[in-house]
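One structure is given here, and the rest of the page talks about it.
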């Protein structure tokens, strides 16, 4: 439940950021207010943020796996031992970003169908 709450707060933050960026682009583009143009800006920003969130969440999860840890030890880039507890904590952190990315993507699909 805590993961979902964090995801929803992050989703709210990104929606407010998209709204702010859309308004700023309208002010500086000197075009008449059109709802389709606003939807396009909002959708593009949300799609970019979705991509970043999904990649970031995947990288958090991937870099805390046993294979990654053993590879880093072989290459002598890290001497940190892998632990199951750290892996579970990383999965929980990654899940927040992945759920937020999925919710943003669903929001883009709904916005495109309107």
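Please treat every number below as a calculation from the coordinates, not as lab data. Computed from a prediction, not measured in an experiment: that's the story for all the values here. No Cβ is skipped: glycine too gets one built from the backbone with ideal geometry, and neighbour counts run over all protein chains shown.
Using C-alpha pairs under 8 Å with a sequence gap of at least 6, the mean separation divided by the residue count of the range 18-114 gives a relative contact order of 36 percent. Adding -39500 (n - 2.57) for every DSSP H run of four residues or longer, then dividing by how many residues the chain holds, sets the calculated 222 nm ellipticity at -29500 deg cm²/dmol. The ranking of 81, 49 from fewest to most other beta carbons within 10 Å of each one's beta carbon is 81, 49. Fully extending the segment from residue 56 to residue 71 would add 3.4 nm, taking 0.36 nm per residue of separation and subtracting the current Cα-Cα distance. Based on alpha-carbon atoms, the Kirkwood radius and the radius of gyration of the chain give Rg/Rh equal to 1.15.
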